[in-house]
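The values are calculated or read from the model by the stated rules, or taken from the named source; none is laboratory data. For clarity, every value in this text was computed on a predicted model and none was experimentally measured. As a convention, Cβ positions derive from the backbone with ideal geometry for all residues, glycine included, and neighbour counts pool all protein chains shown.
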Amino acid sequence: MGTIGWKLKTLRLGTRGSRLALAQSRLVAERIRALGLAVELVTIVADGDLRAPDAPIGEGIFVTALERALKSGAIDLAVHSAKDLPLDEDPDTLIIAYPLRADARDVLVTRRAGQGGVMDLPRGAKVGTDSPRRAGFLRAVRPDLDVIPIHGNVDTRLQRLDSGQADALVLAAAGLDRLGLAARASVRLEADEMPPAPGQGALAVQIRRGDDETAGLLARLDDAAVREEVIAERALLKAMRGGCRAPVGALAHHDGGRLLLMAGAVTSDGRTRHVLHRAIGGGDLVRQVLTVADELNRHVPLEARAVLDTRPDLDRDFADAAGRMGFRHVHVPAIEIANAAGPELEEARRNLAFYDWVVVTSRRGVEALGDQLPGNVRWAAVGGSTAGALAARGITADCVPDDAQADALPGAMAKVAALHGARILLARADAAAPTLPQRLRELGATVDDVVAYHTSVGPTDSSADMVAALRNPELGAVIFASGSAVRGLVELGGADVSYLAGVKIITIGPKTSTAVREAGFEVTRESPTRDSAGLAAALKSALDEEVERWVESQQRLPV
C-alpha cells in the first residue's frame, strides 16, 4: 500500500491524558500531518496515572499501558518521553523515530520566579523531587537542603509548591516549555551542576514490530542527530547497569563533526559525585561509552544490579571487581565444604614423602593435607589458585596444566616424568568424578584416591537467603564455580530457581556449564581461567556484549 492509500486511513496515536503528554503528542501529530498523513489522538490511561498520589514512580510505569494498546492493535503508534522508556525494550515494539528534542536541562522552580538558583535557597529549604538523580545532585552541592518526595504530573507538583508543601521544585525544562510555563522557572540548571536524565527532552515514537507500512511512513519523522544523542546517553545508563530511576545523568550534543558527552553519577546521599566530559563521536561508540561507564563506576560505584555468588567462601577480590562494574555482590553459599577426617586421610598425611606424585585439584585439597608439606615429591596442581595455595606452604608445583581442568592433569604430568609404575596420591572432594584416577591408572600409575574434603548443600538456614537473592528484582548475574553449587542452589532455591532464566549465568568451566544446562538453564559465559579474575573477566565480557547488542538494536531501523 502506498502513501495515497494511507491518506485514506487515519493513524491512531496513543497518548496519556496529562496536559504534558497531550502537548507532546500534539507536537508529533503536527509532524505527521506535515507528511500528508491523517492522525487522531487516542487517550490511554497509563498505569502511572492510576497510582496513589504519593506512590513512588517505578520504571516503565508510564509506558506499559501504551505498549499494551499498541500490541493489541488499539492504536498504531505511541509517543513517550524518551527518558521514561525502560532500557529493556518490549520485543513486540520498536522506537521508529526520535522526531525532536527540547531543552534537556532541569530547572529550579520557586514560589516566586527569579528567586535565584540552588545556592540562593535558604538553609534547610524544602526541595521537592521524585528523582533519586536530582536528589543526589542537590545534596552534593547543598547537603543542608531538605529534599522531599513530591510526585505527580507537572501541574500537581506546581500546585503543591504554591500551597507551601515545598520551597522549591526541580523539574524538566522541556516539560515547562511545552506547557507554556517557562516563566515559572527561577533558573535553568547547567548540566554540570545537575546532569539531566539520559534522553530528557527528547520524544520517542513507538510502533508495533512488524508493522512495516507504518514504519515506512513514520521513519521519516526520525531526526538522526537526536537519535544518536539519545542512544549514546541511554547506552551509558545501560553500561552503568541502571534504569531510568538510577542516579545517573548524561547529555550528548553534536559539535561540528563530533559527538560530545557529559556524564555524571552521584550517590543518593550526595557524598560521592563525579562528572566528566568526553568526545565520543567518530569511532566505536560502544567502546567509548563503556570507557566512560568504567570511569564513573570507579568514582561512584552505584551497585545498581546484584550478582549472586554461590561459592562457599567470600571472595573480596571478586566482590571489588563486581562493584567496579556496577554490581552489588551478594554472597549466599550454595554448598558448604568441610575437611575430611578419618584414618585414610591421616595415613596419607603421614606418608606424603613416600609418594612419587601428590595431585591436588583445589585449594581445599591442599588445606586438607596440612601446612607442613614435603618438598621431595612432585606436586601437580590443577590451576593457578591451587598452585598458589601450595606456594603459600613453600611448595612449587612441578606441573600446572595450561588448561586448568582435572582431565588435563595426566597428560601434563606425563610430560614431566613417566607415570608407569609411579605411586600417586590424589587428594580431592568426595563428589569428584572418577575419570581422573582412571586415566592415571591407564598410564600405569598406582593411585590412592583419598577423600580430602566433603561437599554438601549449603546450610539449610540459608534457604531463605537464597530465595530472597533469587527473587531480588535487581538480580543481574549468578556465579557458579562447581556442579555441586548448581545442584545446591536448585535444592535451596526450590521453585524460585525459575528466576535464573532471566539473569546472566557465569561458570568457571565446562563441567560446571554442563551442570547448569542439565538444570535447564543457559550459560552466558565461561571463565577463561579458573580463578576470581577469570570470573570477573567473563562477567565484564557478558555485560559489554549486552551493551553492544543494545546499541545495535537501537541504531538499526527496519526501513
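ALA412 falls short on exactly one of the conditions (1) buried (at least 17 other Cβ atoms within 10 Å of the Cβ); (2) modelled with pLDDT of 90 or more, and that condition is (1).
Pick out the one residue from ASP309, ASP294, ASP284 that is closer than 29 Å to SER482 by Cα and acidic (Asp, Glu). Please lay out each step first, then the result.
Details: ASP294 fails: closer than 29 Å to SER482 by Cα; ASP284 fails: closer than 29 Å to SER482 by Cα.
On inspection, the qualifying residue turns out to be ASP309.
Residue by residue through the range 290-320, note down the ones that are modelled with pLDDT of 95 or more, within 23 Å of SER362 (Cα to Cα) and among the aliphatic types (A, V, I, L, M). If the condition is that a residue be modelled with pLDDT of 95 or more, within 23 Å of SER362 (Cα to Cα) and among the aliphatic types (A, V, I, L, M), then LEU308, ALA319 are the ones that fit.
Of the residues making up the range 410-432, those that are more than 20 Å from GLU336 (Cβ to Cβ) and not in a helix (DSSP H, G or I) number 10. One residue stands out in the range 117-136 among those that are in a helix (DSSP H, G or I) and of a type outside the set (D, E, K, R): the one that is surrounded by the most Cβ atoms within 10 Å (Cβ to Cβ), namely GLY136. Of GLY494, GLY488, GLY476, all but one fail to be touching a Gly at 6+ places or on another chain (Cβ under 7 Å) and under 21 Å from ALA306 (Cβ atoms); the exception is GLY488. Among the residues of the range 341-351, are any surrounded by fewer than 17 Cβ atoms within 10 Å (Cβ to Cβ), touching a strand residue (DSSP E or B) at 6+ places or on another chain (Cβ under 6 Å), more than 21 Å from ASP496 (Cα to Cα) and outside the structural domain of ILE508 (by TED's automatic domain parsing)? Among the residues of the range 341-351, at least one is surrounded by fewer than 17 Cβ atoms within 10 Å (Cβ to Cβ), touching a strand residue (DSSP E or B) at 6+ places or on another chain (Cβ under 6 Å), more than 21 Å from ASP496 (Cα to Cα) and outside the structural domain of ILE508 (by TED's automatic domain parsing), which makes the answer yes. Please work out if ALA406 is buried (at least 17 other Cβ atoms within 10 Å of the Cβ) and out of contact with any Cys (no Cβ under 7 Å at 6 or more places or on another chain). For ALA406, the condition - buried (at least 17 other Cβ atoms within 10 Å of the Cβ) and out of contact with any Cys (no Cβ under 7 Å at 6 or more places or on another chain) - is met.
Which one is nearest to the chain's Cα centre (by Cα), of the residues in the range 81-117 that are among the hydrophobic types (A, V, I, L, M, F, W, C), over 17 Å from SER25 (Cβ atoms) and at pLDDT below 95?
From the range 81-117, those among the hydrophobic types (A, V, I, L, M, F, W, C) are 82, 85, 87, 94-97, 100, 102, 104, 107-109, 113; that's our starting set.
Going one step further and asking which of them are over 17 Å from SER25 (Cβ atoms), we end up with 87, 94, 104, 107-109, 113.
Pick out the ones that are also at pLDDT below 95 and you get 87, 94, 113.
Details: LEU87: 11, LEU94: 21, ALA113: 40 Å.
That would be LEU87.
Would you be able to tell me the number of residues in the range 371-401 that are outside any loop (DSSP other than H, G, I, E, B) and among the β-branched types (Val, Ile, Thr)?
The initial filter retains those residues of the range 371-401 that are outside any loop (DSSP other than H, G, I, E, B), namely 378-381, 384-391, 399.
Applying the additional criterion that residues be among the β-branched types (Val, Ile, Thr) yields 386.
Adding up the residues that qualify gives 1.
The C-beta contact set for the range 418-434 (first residue closer than 20 Å to PRO510 by Cβ, second residue part of a strand (DSSP E or B) and charged (D, E, K, R), distance under 8 angstrom, 6+ apart or interchain) comprises ARG428/ASP449. Residues that are more than 25 Å from ALA406 (Cα to Cα) and of a type in the set (A, V, I, L, M, F, W, C) were ranked within the range 501-520; the one that is surrounded by the fewest Cβ atoms within 10 Å (Cβ to Cβ) is ALA501. Restricting the range 312-323 to residues that are surrounded by 15 or more Cβ atoms within 10 Å (Cβ to Cβ) and not aromatic (Phe, Trp, Tyr), the residue that is nearest to ALA429 (Cα to Cα) is PRO312. Tell me whether the range 252-263 contains one or more residues that are under 15 Å from GLY323 (Cα atoms), buried (at least 22 other Cβ atoms within 10 Å of the Cβ) and touching a Gly at 6+ places or on another chain (Cβ under 9 Å). The answer is no, given that none of the residues of the range 252-263 is under 15 Å from GLY323 (Cα atoms), buried (at least 22 other Cβ atoms within 10 Å of the Cβ) and touching a Gly at 6+ places or on another chain (Cβ under 9 Å). Any residue at all in the range 146-158 that is surrounded by fewer than 22 Cβ atoms within 10 Å (Cβ to Cβ), of a type in the set (Asp, Glu) and in a strand (DSSP E or B)? Scanning the range 146-158, I find at least one residue that is surrounded by fewer than 22 Cβ atoms within 10 Å (Cβ to Cβ), of a type in the set (Asp, Glu) and in a strand (DSSP E or B), so the answer is yes. As for the range 280-300, it holds no residue that is buried (at least 19 other Cβ atoms within 10 Å of the Cβ), over 30 Å from LEU426 (Cα atoms), touching a strand residue (DSSP E or B) at 6+ places or on another chain (Cβ under 7 Å) and charged (D, E, K, R). Residues in the range 164-214 that are assigned to a helix (DSSP H, G or I), in the same structural domain as SER81 (by TED's automatic domain parsing) and crowded, with 24+ Cβ neighbours inside 10 Å: how many? The qualifying residues number 0.
At least 2 residues being without any contact (Cβ under 8 Å) to a residue 24 or more places away in the chain is the threshold, and among the helices (runs of 4 or more DSSP H) wholly inside the range 290-370 those reaching it are 316-324, 343-350.
Give the number of residues within the range 215-249 that are charged (D, E, K, R), part of a helix (DSSP H, G or I) and within 30 Å of the chain's Cα centre (by Cα). So the count comes out to 6.
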